[in-house]
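Structure first, then comments.
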Amino acid sequence: MQKSITMLLVLCTCVLSLSAQKTKKDVLKSLDWKSESYGEISQEIWNLAEMGYQEEKSSALLQQTLEDAGFTIKKGVAGIPTAFIAEFGSGSPIVAIMGEYDALPGLSQEAIAEKQSAGGAAGHACGHHLFGTASTAAAIATKDWMVANNKQGTIRFYGTPAEEGGSGKVYMVRAGLFNDVDIALHWHPGAQNAANAGAALANKSAKFRFHGFSAHAAAAPEQGRSALDGVEAMDMMVNMMREHIPSDARIHYVITSGGKAPNVVPDFAEVYYYARHAKRDVVIDIFDRIVKAAEGAAMGTGTTMDYEMIGGTHELLPNLTLQKVMFDNLTEVGGFDYTQEEKEFADKIAKSLGKEKADISIAKNIQPYKTEAKPGGSTDVGDVSFTVPTVGMSAATWVPGTPAHSWQAVAAGGTSIGKKGMMVAAKALTLTAIDIFSDKKLVESAKTEFKEKRGADFKYIPLLGDREPALDYRN
Ligand SMILES: [Zn+2]
């Protein structure tokens, strides 16, 4: 008896909450009700701060949340243990919402306004704990709206690991997991609310490994061949090459292994390179020249060299048809106010960034609509955007003026500021998904624009080639 009453209660609450989500307004309200519980989920992922391809607990938490909401989970997709797809519904249209959850090495930080490590190996300096959680919230809210309105179609959440350097989505695209998708949605944490046509640099990265012979550096140097010489010769040639590449290209490297002791000629050395440009053809060309420099360096130093592709991503293909819809929805949702406590936190963060005060009106407002953007970083969303019409936005999860990948970004992401910003994104994504499910013509025009922009002879060639996912790249 007790059990059946409980069941009845559960059923009633379900029916009530579903009937309460018939309109966009109801959906926004229901997201407000749930904002605390989503805040807790994001906080847990922030605490875990798991790095690329190691996001086992973060991925499991989001899977559980989606499963509890009635989604069917396919885990370990594309040969990646922490990648998954959660699906609800059937037939078309198929709308995908992407979510990330990887943290960045070396950026552990407490949720306070001064630089202080939380003692971990990594930190959420790109806000991906908010990214994954808000996208989960949007997928569930969209599903609830579909049920309440008896809508045909499929809503999917794509759990996409290792965005930071691991190119997780590229393997998922390569495995064909996006092939039947009609529209893909994403967002990114940031220092402002915006839904502009994005831009990203295409990127190729690799680890170059040199092998020489060890010898006593003073007693028998002639018997040694220094692998570090190979790295240094390569770096010198690449640095000279900078004069002879397009000036808006980017090349950066770190020496990840350079020997252990000066009196031992190093028999192993490794350097990790990125090459980036707004056009992937330029990246491919520059990368090939970097490989030549490595080969020449090995030849000249009497060492051998091999390299491992680590990442490779396309530039971003914007879709203005969808972008305008996303912008209108973001405008409808609007930004948020800071409490007194948040203001004090924000001013301290602003001071640490060399500013007098934080301009918190930025979090309240939406940036004016722009159809063009200057690319800064890279994202594996690029490959998705060349596979299916894709649209994104950013929300003010950080104190205005905060750069990504900073301790200030980690700190704000662990406070109520991050959580408020995250819900702006969850709402705007949900409203956009609802528009897509409600308007067949919108899907068609987005696809027409997509095909025109991508070009008739486009063939998808992953920039990282045929390598298996670099599951150990953060080890
Ligand atoms: Zn990011």
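The values are calculated or read from the model by the stated rules, or taken from the named source; none is laboratory data. Because the structure is a prediction, the values reported are computed rather than measured. No Cβ is skipped: glycine too gets one built from the backbone with ideal geometry, and neighbour counts run over all protein chains shown. Ligands, DNA and RNA are excluded from the accessible area calculation, which covers all protein heavy atoms including side chains. Shrake-Rupley method; radii C 1.70, N 1.55, O 1.52, S 1.80 Å.
Structure summary
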{"read-out": "Filter result for the condition that a residue is in contact with a Phe, Trp or Tyr (Cβ under 9 Å, 6 or more places away or on another chain), under 30 Å from Ala358 (Cα atoms) and either more than 16 Å from the ligand (Cβ to nearest atom) or open to solvent by 10 Å² or more (accessible area, probe 1.4 Å) (or both), over Leu107, Leu66", "value": "Leu107"}
{"read-out": "Identity of the residue in the range 182-199, open to solvent by 10 Å² or more (accessible area, probe 1.4 Å) and either more than 16 Å from the ligand (Cβ to nearest atom) or modelled with pLDDT under 95 (or both), that ends up nearest to Phe336 (Cα to Cα)", "value": "Asn196"}
{"read-out": "Residues that are surrounded by 21 or more Cβ atoms within 10 Å (Cβ to Cβ) and farther than 15 Å from Gly421 by Cα, drawn from the range 31-45", "value": "Ile45"}
{"read-out": "Matching residues in the range 102-151 - criterion: being touching a Pro at 6+ places or on another chain (Cβ under 9 Å) and among the charged types (D, E, K, R)", "value": "Asp102"}
{"read-out": "Members of the range 291-309 that are touching a helix residue (DSSP H, G or I) at 6+ places or on another chain (Cβ under 7 Å) and in contact (Cβ under 8 Å) with a residue 60 or more places away in the chain", "value": "Ala294, Gly296, Ala297, Ala298, Gly300, Thr301, Thr303, Thr304, Met305, Tyr307"}
{"read-out": "Residue within the range 163-174 that is in contact with a strand residue (DSSP E or B) (Cβ under 9 Å, 6 or more places away or on another chain), away from the ligand (no atom under 16 Å from the Cβ) and not hydroxyl-bearing (Ser, Thr, Tyr) present", "value": "yes"}
{"read-out": "Test result for Ser4, open to solvent by less than 70 Å² (accessible area, probe 1.4 Å), assigned to a helix (DSSP H, G or I) and at pLDDT below 95", "value": "yes"}
{"read-out": "Close pairs (8 angstrom Cβ cut-off, 6 or more residues apart or separate chains): part of a loop (DSSP other than H, G, I, E, B) in the range 45-59, of a type in the set (Phe, Trp, Tyr) and surrounded by 24 or more Cβ atoms within 10 Å (Cβ to Cβ) anywhere", "value": "Glu50/Tyr101; Glu55/Tyr101"}
{"read-out": "Pair list, Cβ < 9 Å and 6+ apart or interchain, from the range 181-198 residues that are more than 15 Å from Leu429 (Cβ to Cβ) and polar (S, T, N, Q) to residues that are open to solvent by 10 Å² or more (accessible area, probe 1.4 Å) and part of a strand (DSSP E or B)", "value": "Gln192/Ile366; Gln192/Ser394; Asn196/Ser394"}
{"read-out": "Residues located in the range 243-291, provided they are closer than 30 Å to Leu317 by Cα and basic (Lys, Arg)", "value": "Arg250, Arg276, Lys279, Arg280, Arg289"}
{"read-out": "Test: Gly79 is more than 22 Å from Trp187 (Cα to Cα), open to solvent by 30 Å² or more (accessible area, probe 1.4 Å), modelled with pLDDT of 95 or more and touching a strand residue (DSSP E or B) at 6+ places or on another chain (Cβ under 7 Å)", "value": "no"}
{"read-out": "Checklist (1) under 30 Å from Pro81 (Cβ atoms); (2) within 16 Å of the ligand (Cβ to nearest atom); (3) of a type outside the set (Ser, Thr, Tyr) applied to Lys207, failing item", "value": "(2)"}
{"read-out": "First in the range 134-163 and within 14 Å of Ile183 (Cα to Cα), second anywhere and of a type in the set (D, E, K, R) and open to solvent by 10 Å² or more (accessible area, probe 1.4 Å), Cβ under 7 Å, 6 or more apart", "value": "Thr154/Glu87; Ile155/Lys143; Arg156/Glu87"}
{"read-out": "Pairs where the first residue, in the range 402-420, is within 21 Å of Ser378 (Cα to Cα) and the second is at pLDDT below 95 and open to solvent by 10 Å² or more (accessible area, probe 1.4 Å), C-beta under 9 Å, 6+ apart", "value": "Ala404/Gly376; Ala404/Gly377; His405/Glu164; His405/Gly377"}
{"read-out": "The range 367-399, residues that are at pLDDT 95 or above, closer than 18 Å to Asn193 by Cβ and either buried (at least 24 other Cβ atoms within 10 Å of the Cβ) or within 13 Å of the ligand (Cβ to nearest atom) (or both)", "value": "Val391, Gly392, Met393, Ser394, Ala395, Ala396, Thr397, Trp398, Val399"}
{"read-out": "Tally, over the range 214-271, of residues that are outside any strand (DSSP E or B) and either touching a Ser or Thr at 6+ places or on another chain (Cβ under 7 Å) or farther than 22 Å from Arg289 by Cα (or both)", "value": "24"}
{"read-out": "Filter result (under 23 Å from the mean Cα position of the chain (by Cα) and either of a type in the set (Ser, Thr, Tyr) or surrounded by fewer than 16 Cβ atoms within 10 Å (Cβ to Cβ) (or both)) within the range 252-278", "value": "His252, Tyr253, Val254, Tyr272, Tyr273, Tyr274"}
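Residue-by-condition table, conditions (1) farther than 18 Å from Gly127 by Cα; (2) open to solvent by 10 Å² or more (accessible area, probe 1.4 Å):
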{"residue": "Pro161", "(1), (2)": "no, no"}
{"residue": "Glu164", "(1), (2)": "no, yes"}
{"residue": "Asp180", "(1), (2)": "yes, yes"}
{"residue": "Phe208", "(1), (2)": "yes, no"}
